[in-house]
Amino acid sequence: SARPVAGVLLAAATILAAGACTLDYKPKSRGELDTVVVMLDTTRAGALDVRSALEETFGRPIPTVPGYEPTYRLLVETVPDEAALNRIKERKNILLVAPIDEMSNPGSLIRSMLPDSLEERVRQDQSFAFPLQDLWARDQYVLLLSAQSPERLAELIREQGVGLSNRLLASELQRREGEVFEKGEQTSLSDSLMGRFGWSVRMQHDYVWT
């Protein structure tokens, strides 16, 4: 089957240019980095298979002690009203998932965010995933997933699951690094280790050397 991945970065840039304000005026996102809020209307036909595909992709188990933990914890929201949408927009990780022509709140929101040209690419099975950074809040990752039908949507999520989850993980690691070093780092200590031992580590600003 086709792999509609071309144009994803261009698509993201188009959406951001169309409606994003500067980061200075955005609130900081809220919630845990290992939690993903999923906007999905589970009452629609085929939605349960889409949800299963998302769980397989983003909630796959990681071996830990004493058992297994999911990579990400998924919280599914049907977005019943504007108040619920505004709460979701504050979260760190958001998946917005619906077939492109689905008459649901998630479907309507996706269509309102995508230019007509990108909507058509989704209908033609040429694009399906649109990652966005800091769309509604700072330190936020939003991923739009859409396809011609719920069956095709679930299929694409499973086909491209590794790439989708790796992109989210890369965003998480970048944000974790930013949180650790946002107030600065002690480069002199790192340089000293390199000079004395031939290796170094990055040290945050409040690390106490003993």
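The values are calculated or read from the model by the stated rules, or taken from the named source; none is laboratory data. Since we're looking at a predicted model, the values are computed, not measured. Glycine also receives a Cβ, built like all others from the backbone with ideal geometry; neighbour counts cover every protein chain displayed. Please note that ligands, DNA and RNA were not included when accessible areas were found on the heavy atoms of the full protein model with its side chains. Shrake-Rupley method; radii C 1.70, N 1.55, O 1.52, S 1.80 Å.
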**Prompt:** Does the stretch 88-102 contain any residue that is over 18 Å from Val36 (Cα atoms), of a type in the set (A, V, I, L, M) and in contact with a Lys or Arg (Cβ under 9 Å, 6 or more places away or on another chain)?
**Reply:** yes
**Complete:** Note: among Thr64, Thr57, just one is polar (S, T, N, Q) and in contact (Cβ under 8 Å) with a residue 60 or more places away in the chain, namely Thr57
**Fill in**
Restricting attention to the stretch 114-145, the residues that are open to solvent by less than 40 Å² (accessible area, probe 1.4 Å) and under 17 Å from Glu77 (Cβ atoms) number exactly 8
**Message:** Against the conditions (1) of a type in the set (A, V, I, L, M, F, W, C); (2) over 22 Å from Gln140 (Cα atoms); (3) surrounded by 15 or more Cβ atoms within 10 Å (Cβ to Cβ), where does Ala45 fall short? Just the number, please.
**Reply:** (3)
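One line per residue, one yes/no per condition, for (1) open to solvent by 10 Å² or more (accessible area, probe 1.4 Å); (2) modelled with pLDDT under 90:
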site: Gln148; (1), (2): yes, no
site: Leu156; (1), (2): no, no
site: Leu168; (1), (2): no, yes
site: Lys183; (1), (2): yes, yes
site: Met194; (1), (2): yes, yes
**Prompt:** Which members of the stretch 196-210 meet the condition of being at pLDDT below 70 and either in contact with a Pro (Cβ under 8 Å, 6 or more places away or on another chain) or of a type in the set (Phe, Trp, Tyr) (or both)?
**Reply:** Tyr207, Trp209
